[in-house]
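Remarks on the structure that follows.
Since every read-out is calculated from the coordinates, none of them should be taken as a lab result. Nothing here was measured: the structure is a model prediction, and the numbers come from that model. A quick note on method: Cβ atoms are made from the backbone with ideal geometry, for glycine too, and the neighbour counts reach across all protein chains shown.
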């Protein structure tokens, strides 16, 4: 049964609303002030909230603001009840995230129309989320088997070669085979981790508990230059493209968790390496602009046309029949999603045959 919380300090008005909703077969819980109403919302997690504006202890605006900051309650439809018909009060409520408002006195039809409309809209959002999750499962079903089998076949094939011919292989050939197995294993591990991370990000909007866990990371910060040096060091001194990387970095501390910054940069650098030729430069630049970070990675590779840029998303790799680089196409999509999680924006400037520049803006700088 749909559960509606009514927060109204006027007893007669509150009782009238309860009676109307009960006749429509809704489950109704009520509170006589904002403080009690907020506590009830946190306890019962209703499907919709009707809340008066002018109340003792906490106003309707205070209740709404608190709810919108709670991941478990942030998406609950919220209808303000107000005796104020002035534009400023309505605007304030909508700015805080109210879904609708009713001006007292309101009719039975006005109340039921507002309630039904917001519940329907909420259900449509829930259905859309479920559709997105179904699409994600389908993408994984189509993409994962092939992407897993490619490195797995490399591991099994090389292991079989070593098993069958170990006594006739030179030390160098054995070491080369071991390196191939290690590389395929690392690729397989990274692929699985990326699929799991993308699934986790896709589930955030549908799972308040997951969002709460992620929010704890939003208060962390990193030193950009140190983090970038560590990332390049992880590539190892023998990486064939390490000498192609040049950095121009302003000393900055940026508000982002180190694992997420590392994942973003590793995926963006991996794309730059894969889609540009060895010996061509890759430039990393980080500066402060209007109190936020502006970071860019520029390569001189094959680039993308406008249509390809618009189609950027998970599990899409452009022109795979022409270009032989392996991958599920998750890297750029993951970088974009993680960037946005920290309030940033990832932009792409690219021309076929000229190269690509990825720019990240909007991350806060710790002073």
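The table below lists the values:
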quantity: Taking the stretch 3-106 and dividing mean pair separation by its residue count, relative contact order in percent (alpha carbons under 8 Å, at least six apart); calculated: 24
quantity: Approximate shape of the stretch 3-106 as ellipsoid semi-axes (Cα gyration tensor, √5λ), whole Å, largest first; calculated: 18, 17, 12
quantity: Protection proxy ranking of 355-367, 93-105 - average other beta-carbon atoms within 10 Å, highest first; calculated: 355-367, 93-105
quantity: Extension gain, residue 167 back to residue 288 (0.36 nm per residue minus Cα-Cα distance, nm); calculated: 37.7 nm
quantity: Burial order of peptide ranges 67-78, 28-39 (average beta-carbon count within 10 Å, highest first); calculated: 28-39, 67-78
quantity: Potential extension, residue 12-residue 361 segment - 0.36 nm per residue separation minus Cα distance; calculated: 120.4 nm
quantity: Förster radius 30 Å - calculated FRET efficiency between residue 223 and residue 176, Cβ distance, rounded to 0.05; calculated: 0.20
quantity: Antiparallel bridge percentage (DSSP; both residues within the stretch 3-106; nearest 5); calculated: 0
